[in-house]
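What follows is calculated from the coordinates using simple rules that are stated; it is not laboratory data. Keep in mind that what you see is a predicted model, and the values were worked out from it rather than measured.
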């Protein structure tokens, strides 16, 4: 093994050793073969493709600075805006498995959600505020300013993933229902308890965007509930004859913040484990029982949201 090969091998061995996932799980999430990952680990691939390295790094939950280090080890230039389509494409190849896959960093969490959202089927969102993909352009970058300052790609990357998620939402609504369940008290606090005037303006725009969706798409069903959910989660339910299993993305972020502020912290989990999903379906039934009947009327719902966003 040459010194150059050893450098590559040592780096890949180190990041694999830190990962709680098996090689099979990393292969599934990255879209790479086990054989390719073994060759990376041996340092024997002389010209590893940039797309494959980035997909591998996403599966390993590497932050953007760590991805830059990996690319440097493989004699590649640091991340740039030209790489954003590679991140988007990674969501097309990624497969959510039965393992409870931990996801770190908000951009890898969004990629996991996007991967599930690409599967045709009904969509359920249980949260404390409107779907995150409905935030206005620039909101993500403003809210996660510390991460934006930490890496020059971060702002454009998260905004680009958000645009792709909005696009997938529109595609889904052509044929499938999207149901959002939001705690009324949490939603009210989301706007009225925000002390940052600029952030409060972004949040009002977020709610107005949700109103636009309600008015534009009959299949977009937005429900206010009396109960706050135990978890924030997204569930994708493909048609039974599609050959696809249900997918679940879970986050336990506290209501007082939208995203983790520090790169590397746990953002949530992704799984298609049916036993886990069954438990969340029971949680969903509890949430549905707490729907506020008055706001099942779409006009009354819209009137409430418009007033909240003033």
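Enter the mean projected area of the convex hull around the alpha-carbon atoms of the chain, in nm², rounded to one decimal.
15.8 nm²
With everything on Cα atoms, drop me the angle between helix 154-173 and the longest principal axis of the chain, reported from 0 to 90° to the nearest 10.
In the chain, helix 154-173 runs at an angle near 60 degrees to the longest axis.
Could you pull the Cα extents of region 1-79 along its three principal axes, largest to smallest, in whole Å?
Sorted from largest, the Cα extents of region 1-79 read 29, 26, 21 Å.
Relative to the longest principal axis of the C-alpha atoms of the chain, give the angle of the C-alpha long axis of helix 197-216, reported between 0 and 90° and rounded to the nearest 10°.
It works out to around 70 degrees.
When only Cα pairs under 8 Å and 6 or more residues apart are kept, what is the percent relative contact order across the chain?
The normalised contact order for the chain reaches 21 percent.
Kindly provide the helix-only [θ] at 222 nm of the chain, computed as the sum of -39,500 (n - 2.57) over DSSP H runs of four or more divided by all residues, to the nearest 500 deg cm²/dmol?
Calculated at 222 nm, the ellipticity per residue is -16000 deg cm²/dmol.
When the Kirkwood radius is taken over all Cα pairs of region 56-138, what Stokes-Einstein diffusion coefficient follows at 10 °C and 1.306 mPa s, in µm²/s?
In µm²/s, the coefficient is 109.
Build a GNM of the chain with springs between Cα atoms under 10 Å: which of 196, 272, 105 gets the top mean-square fluctuation?
Fluctuation is largest for 196.
Between Rg and the Kirkwood Rh of region 104-233, both from Cα atoms, what is the Rg to Rh ratio?
Taking Rh as the inverse mean 1/r over Cα pairs, Rg/Rh reads 0.95.
How far is helix 298-308 tilted, in degrees, relative to the longest principal axis of the Cα atoms in the chain, given as a value from 0 to 90 rounded to the nearest 10?
70 degrees
Could you work out the relative contact order of region 1-79? I mean the mean sequence separation of Cα pairs under 8 Å and 6+ apart, divided by the number of residues, in percent.
This gives 34 percent for region 1-79.
Between 91, 80, 160, find the one with the highest GNM mean-square fluctuation for the chain; connect C-alpha pairs within less than 10 Å.
It is 80.
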